[in-house]
1. Please count how many residues of segment D:340-372 are in a strand (DSSP E or B) and in contact (Cβ under 8 Å) with a residue 60 or more places away in the chain.
2. For segment B:128-139, state whether one or more residues are under 21 Å from the mean Cα position of the chain (by Cα), closer than 23 Å to B:LEU43 by Cβ and surrounded by fewer than 24 Cβ atoms within 10 Å (Cβ to Cβ).
3. Give me a count of the residues in segment A:19-51 that are of a type in the set (Ser, Thr, Tyr) and not in a helix (DSSP H, G or I).
4. Take the residues in segment D:58-85 that are in contact (Cβ under 8 Å) with a residue 60 or more places away in the chain and more than 25 Å from D:ARG118 (Cα to Cα); name whichever of them is farthest from ligand 3 (Cβ to nearest atom).
5. Residues that are more than 27 Å from A:ILE223 (Cα to Cα), at least 1 per element: which helices (runs of 4 or more DSSP H) completely within segment A:52-147 meet that?
6. Take the residues in segment B:78-123 that are assigned to a helix (DSSP H, G or I) and away from chain C (no Cβ under 13 Å); name whichever of them is farthest from the chain's Cα centre (by Cα).
Amino acid sequence: MSINLLALIGAMLTIATPLVWAGIGELITERSGVLNLSIEGTMYLGAFIGFLAAARSGSPWIGLLAAVVGGVLAGALMGFFVVTLGLNQHVSGLGLTLLLIAICEFTFRLLYAGDRPTLDDKFRVLFRGNEVLGQHWLTYVGFLVLAPAAWWVLRSTGLGMRLHAVGESFEAADVAGISVTATRYVALMVGSALMAIGGAFLTLAVLGSFTLDIVSGRGWVCIALVIFARWRVWPAVLGALIFAGTDALQLQLAITSAFDGVPGELMLALPYLAVIAALAIGGRTVRYPGSYLKAYRRA
Amino acid sequence: GGATGEESDGGSGGSGSEDLPLIYGVYATPLEEPWDGAIHAALQEAADDGEIRYKHVDDLSTSDAMERGLRDIAANEEPDAIIGDAFAAEEAVRKVAAEFPDIPFAFGSGEKPVEPNMSVFDNWLQDPAYLSGMLAGGMTKSDTIGIVGAMPIPEVNRIVNAFVLGVKETSPKATVKVSFINSFFDPAAAKQAAQAHISAGADVLFAERDGVIAAAEEADIPVVGMMVDQHDEAPGHVITSLIWHMRPTVDAVIEQATGEPQAVDLGEFSFMKVGGSELAEINTDVVGGVPDELVAKVEKVKAAIMDGSFTTPVDEAAPASSIDVSKK
Amino acid sequence: MKFVLRGHEPRWLAPVAVLVAVLVTLALTAVPIRLAGAAPLAAYERYLVTPLTSTNGLYEVLLTATPLLFTGIAVAVAFRAGYWNIGAEGQFLLGAIGTTWVGTTFTDLPPAVALPLGFLAGMAGGVLWAVVPAWLKRHAGIDEVVTTLLLNPVALLVVQGLLNGPWRNSSSGFTDSDRLGSGFDLPALVPGSRVHWGFAVAILVIVVAGVVLARTAVGVRIKAAGQSPRAAEFSGVDVGRLQWRCALVSGGIAGLGGASQVMGVQHQLTAGISDGYGYTGVIVATLGGLAAIGVVLVALLLGDISVGAQNVSLVLQVPAQLGAMFSALLLLAVLSAMSWRRYRLQWRSRSRSGGSR
Amino acid sequence: MARPLLELTGITKRYGDLLANDDVSLRVAPGEVVAMLGENGAGKSTLMKVVYGLVRPDAGTIAVDGTPLDIASPKDAMAAGIGMVTQEFSLVETMTVTDNIALSGVGLGRVDRAETRRRVVEAMERVGVTLDPDRLVGSLSIGERQRVEIVKALFHDCRVVILDEPTAVLTPQDVRALFETVRRLRTAGLGILLVSHKLREVAEISDRVVVLRRGRLVGERATATVRDEELAALMMGGSTDEVAATTASGDGEATELEAAVGMAGGPAPATRRPHPAAAAEPVLRLSGLTVSRGGRDVLRGIDLTVRGGEIVGLAGVSGNGQTELVEVLSATLPVTSGTLEVAGQDVTSAGVGERLAAGLGRLTEDRRGSVVPQMSVEYNLVLEDLPAYTRRGLLDRTAVRAHAEAMIERFDIRARPIDAVATLSGGNMQKVLLARALARRPRVLVVAQPTRGLDIGAYRYVHQQLDELRSEGAGVLLVSEDLDELRALSDRVVVLFGGEVVGELPVAEASPDRLGVLMAGGGSA
Ligand SMILES: Nc1ncnc2c1ncn2[C@@H]1O[C@H](COP(=O)(O)OP(=O)(O)OP(=O)(O)O)[C@@H](O)[C@H]1O
Ligand SMILES: Nc1ncnc2c1ncn2[C@@H]1O[C@H](COP(=O)(O)OP(=O)(O)OP(=O)(O)O)[C@@H](O)[C@H]1O
Ligand SMILES: [Mg+2]
Ligand SMILES: [Mg+2]
């Protein structure tokens, strides 16, 4: 059986990219104490709006911009539900996911009535031909800019401290003159924008086309990764790499004659099992942010 | 649900005028799924030709939704025939069909017709599959070809197996690698699978599912499309596509709709020789180009298929993940 | 202008809140319905009213609500104890597998034996799938949200693996299992309708769960463990064990849902048997306030909408997604209205000389 | 008086039907310490929160230095030079001391940690507090956290400081330290508004006393001239004489009110009837009890016996093992070695249930950790005794309700059975816990800081209950940092230091000085 290591690494990076963008987005919102289950829908929205805008304008950049705007709006909407109205975060998130996906698919149906549109122009791969470096710029930015930036912001800026305070204790934040509402809105809007970019990566960079169910559960994986990482950036990236690496590996193994007998489904399950295993190995009890799932309203 | 969904109150409405037969399309998956998309396209075409009135509902994903929908339509919408796919809801469909014996039911199905009114069809693309296999085999330099399919179900298996046989004809010592993404929609996964094929040495791909063409384009290698002519998705890389024409099947059903319901296997209507399927025009300015003698070879077999002197063998067994065609 | 907490809540508020929510939803969906080229009023009628006006429609609603009743109460039981089981989806699927296994292995059992066995097998399947995360949580302190969530796709892959491999349909060769022995067919609850005894079982389970949660010592302990583990421990409740048990019960109930769906509707295993019932269960449970009666109401509402939505899309020829949009909007609207009713709008009179510094 | 630094006029705040603040007007002059007294739920915290922008009043104005301000949030309050130490700590436990203190100042951009740390250390010196600025707040003792709060409030140079029950959770030493700081601030010309339930503290630190009852300001006196009975009367309503009367009646109570009004200094009252303690059999016996937490022994070889009909006081500076001792007894911390008997029954490794069955009652300092906040009063009351209210598998709700009503009646709890405990004041919450503990008629009751944060009424009430329990022949182990309380109630006082028993005194000999010496680890008795 032959494993092409370079190709493996290359594939791992590509598969991990949307997880890194969306995962860090989720991480930011959860740092503020909001479990954002609308991630799946927000990624879908990003993928669709990104595609739509790119298809209409002919420029993937416009598409990306549109995706970001869409993400911000989705985040604001989630904020309206869980911050302004203080609704249950589980239902709000899942409900928003259902809503966003329905809206996208409805619009897609109205506009394309069942045919399979593709973009004239999508983001191209840099260093085409090199198996490892041949990645989209969003991949480079995701790993080399976004992750370090997120880490730095959360760790050593006032914004990071505010997020931390709000996420751990409303009262403390409030008494310190930090607006719980504003902080959570910002976290949600920024985080959701990142999720949308993660989704848009699929249509604007990977595929250059949109099909239904394009996100197919990647959002849920991100939720798991964030908790797996205990709300820290680098472990989240690591988690994404573990998941993606296993996935890339199974893709290669699946077509080697050595694994002929092994059912493909087992191979496909490996990434999920890998994350659980990783958690089981490195896993002591997780401590949720103090204001996780809670809504705050002054008397 | 309809594409644009013209307003309607029960019987009337739909496209075309009153006296035309009303054919109802009932789909388990969204129309965007290529398989049901092909049926929808054919019916829409028939409607546009002014031969039928056409209404449809899609995404009846569970068998109980399917049963409810069918009964609702058969009882209240006065359809002259119902076309759809019964996969994963075989029993439900047959149950309702039995309740309405004078309405013809024609369903994509892996099982047999049932008297008096339940006909079945399927997409029998083994012929174009075989031909495209020949092309792929003729074009590969590395003698390695990659296929990315949805899941190992009969309709997919027989296409893949026919493709492999075609490869063997033009490249006797090639290896064909097959991977499944276990989903009708996950183009991103399909693309990753395709890239795994490429990194394993494949230099020609068969895109049974969406996503593969993008990979081929990036790797700058030729690829075979599926269901509709996907040439425009990557003009420089799509050699050809397997095309399913539902129209002959639809016409047969229209006959039933205007005449008597029957219980027949309409599978034949998907065969190439009756125009139920075809190989899209071969794109000779694809990357690497297509040698004329290869084209000639393919045309020859095609002719043989059309005049019935050659029939592609049908094999529905799940293919191995790595096939040495010489052992086939 | 600001919200102020109400002193006490008038009776009429809750119903009015729901009414407002419905109206808001209608207003919001009018545009897309028009876009789809249908008449909003006709659509509204079919979404909410039509299914409830014919007895047959009612039966269909009950049928559609059945799996949601199971997953809803399953999630509610776990959440009550502070165990965040997002894995009802997978547990439902494993339940379906368990039932299919007995149903296709012992094909000629008489109903009297077959049906209980079928449910038992379903429950076993659900429990089996719930054991892993529960065990990891209790003995390794591994967060159950991650594990239950990630095991859902794995469960689906198990189903697909069986259907592509050993359980492939022996007659058609298609990837759905053989039909269960006829002894495993749940009889209709009302002759002539499609509502099957699975619905009765669901109600029974919910009643039992409801009584246990609301009327027994265990119920109080579960509530305590869920709301304040520290205080519960202090009062002698073994929170770890309680959550472990609730996790398994939750899985078992979800498994029963799978069993009921296999024996009552599909009579075979298919990859599409669940249609996200497990995830919807989270909505049903939380929107239903983790209470038995709430679960029933929400499940019925969602059932009503999905039956209506289907009718809308085939009669008015609008895309099916419109139904999804409608129910999602209604869901969020009801939730919002319910939260709002605790507050009263008050126009602040700027009595103090505002603006300083 | 001088031009007021802070002036409140007609502050009114209503929660639903309840008037938490009713047209309250108040002025604080520079260099003045104003103390505020009032029963639990009188509206003190609400008023403070209004000043600090945490609660929006329905009417009324706030002026600082004569300028009327619209204080919509703590941000505005800080800008106006107001600092506050809230009643419940508002600290982020997962942050360092430095970050907590600097939190209110941070902008959005990069934070210069070194610089901030320097300024924090500086501020701590200014305020006269010593703390490791790099420790996580979660690892600090309650007293230390209180100090962090103070520094935090003063971090931005403010002119008005609000302290809401700062001493409720402090040891005498900490209180002394705090008052030092307060005096320094006063001389620096700041205005200080301090809430307390302890008249002695009020007398010691304040210049002026204001009393709040049911949201209204019912009295304002100069500390120097006011009599404690008068204040007590103002707080509880009713005339001075009544209170004086109740004070006079019954030696037992007398000691309590004295304690309550903080006058129980000097030698313990001779009126205390001698108890046949020696005669009665032990209801609680610890022998060689050793407990380790996080690898180090927090309790070492404790030998301690409590007999029926006596109250044994346990004194000690916080952090010397009292908390752990209570946790061990409450079965929330496992015994490492040694044995533990309740009423002659070995319960060393027994769970909560068995110990309760053996006759143990518990009332710990961690109130909010002993009740389920969102659960109703009635179910919190029966939480530890559910089987007794189960008939044929089902809860007998009428019995539960009846029990709740009986307890509410007997312990004068200001709440309905169906109220969520979260909405009860600390005083009432404490009564609920007391009711739960006493309802099962325990042979021995372990109580820790039973009157912390309670108003005089509740304080007296709790003491009465403990005294009754003793006269009914049960034993009590009373853990408290309030020496007056210990001396007022105990028959003997045991002193804990560094996890060991370093001394035991009959109450008559337990003068503050001797206790102080022992608690400081000096001398072995
Ligand atoms: N957020 C709130 N919602 C409703 N009622 C409240 C709220 N906060 C306070 N109250 C009510 O207002 C009254 C005054 O509360 P407050 O906190 O001012 O009492 P307090 O004087 O501080 O009591 P304590 O001495 O126990 O601290 C109480 O009766 C309480 O029930
Ligand atoms: N959400 C709420 N609803 C109703 N009343 C509340 C609420 N939050 C606080 N209160 C009231 O505010 C008052 C003060 O609350 P707090 O928790 O400070 O009581 P407390 O007596 O100060 O407690 P402790 O003495 O233990 O510090 C209490 O009387 C309580 O009834
Ligand atoms: Mg207070
Ligand atoms: Mg208090």
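1. Going through segment D:340-372, the residues in a strand (DSSP E or B) turn out to be D:340-342, D:345-346, D:360-363.
Filter again for in contact (Cβ under 8 Å) with a residue 60 or more places away in the chain, leaving D:342, D:360-363.
Looking only at that region, the number is 5.
2. Applying the first criterion (under 21 Å from the mean Cα position of the chain (by Cα)) to segment B:128-139 yields B:128-136.
Retained after the next criterion (residues that are closer than 23 Å to B:LEU43 by Cβ): B:128.
Of the ones still in play, those that are also surrounded by fewer than 24 Cβ atoms within 10 Å (Cβ to Cβ) are none.
Looking through segment B:128-139, none of the residues is under 21 Å from the mean Cα position of the chain (by Cα), closer than 23 Å to B:LEU43 by Cβ and surrounded by fewer than 24 Cβ atoms within 10 Å (Cβ to Cβ).
3. As a first pass, look at segment A:19-51 and keep what is of a type in the set (Ser, Thr, Tyr): A:29, A:32, A:38, A:42, A:44.
With not in a helix (DSSP H, G or I) added as a condition, the list becomes A:32, A:38.
The number of residues fulfilling the criteria is 2.
4. That would be D:GLY66.
5. Details: elements: A:60-79, A:89-112, A:137-141.
Filter on segment A:52-147 gives A:60-79, A:89-112.
6. The first filter runs over segment B:78-123 and keeps only residues assigned to a helix (DSSP H, G or I), leaving B:90-99.
Among the residues that remain, those that are also away from chain C (no Cβ under 13 Å) are: B:97-98.
On the way: B:ALA97: 24, B:ALA98: 27 Å.
Here the residue is B:ALA98.
Yes/no per residue for (1) at the interface with chain C (Cβ under 9 Å from one of its Cβ atoms); (2) over 20 Å from the mean Cα position of the chain (by Cα):
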| site | (1), (2) |
| --- | --- |
| A:PRO235 | no, no |
| A:LEU249 | no, yes |
| A:ALA254 | no, yes |
| A:LEU266 | yes, yes |
| A:VAL275 | yes, no |
| A:LEU279 | yes, no |
| A:GLY290 | no, yes |
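Yes or no, residue by residue, for (1) among the aromatic types (Phe, Trp, Tyr); (2) more than 7 Å from chain A (Cβ to nearest Cβ); (3) in a loop (DSSP other than H, G, I, E, B):
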| site | (1), (2), (3) |
| --- | --- |
| B:LYS177 | no, no, no |
| B:ALA189 | no, yes, no |
| B:ALA193 | no, no, no |
| B:ALA202 | no, yes, yes |
| B:ARG209 | no, yes, yes |
| B:ALA214 | no, no, no |
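The values are calculated or read from the model by the stated rules, or taken from the named source; none is laboratory data. The shown structure was predicted, so the numbers you read here are calculated from the model rather than taken from an experiment. Neighbour counts run over all protein chains shown; Cβ positions are idealised from the backbone, glycine included.
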